[in-house]
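Chemist: This is the structure I want to talk about, given as structure tokens.
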Amino acid sequence: MQNVTIGEFKARFSHLLHLVKQGEEIVISYGRRKEKVAVVIPYRREGDGKDARNIGILQGKGAYEIKDGFKMTEEEFLSR
């Protein structure tokens, strides 16, 4: 992860963008105190398989049963 000031970011934009495309993260700082204000990260599309999440981690660990004759009005269903 590289830290650059806003001036350096503007001056080296093309080079820094090339680094981001290769997977690098760039932190942009601003002002005399060089306060960190932003991070430029690589764009990854949803579903490309790189950052897949295991959603079914609790599958098979619980159960429920709805009895015959169970009734609920729409108002009951939608109320909090």
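Chemist: Taking helices (runs of 4 or more DSSP H) that do not extend beyond the chain, which have at least 3 residues that are at pLDDT below 90? Let's see the steps before the verdict.
Modeler: Numbers: elements: 6-11, 13-21, 74-78.
In the chain, 74-78 are the helices (runs of 4 or more DSSP H) which contain 3 or more residues that are at pLDDT below 90.
Chemist: Just to be sure I understand, how many residues within region 14-39 are exposed (fewer than 11 other Cβ atoms within 10 Å of the Cβ) and more than 18 Å from the chain's Cα centre (by Cα)?
Modeler: Counting residues in region 14-39 that are exposed (fewer than 11 other Cβ atoms within 10 Å of the Cβ) and more than 18 Å from the chain's Cα centre (by Cα) gives 7.
The values are calculated or read from the model by the stated rules, or taken from the named source; none is laboratory data. Every value quoted in this text rests on a predicted model; they were computed, and no experiment measured them. With ideal geometry, Cβ positions are generated from the backbone for all residues, glycine too; neighbour counts draw on all protein chains shown.
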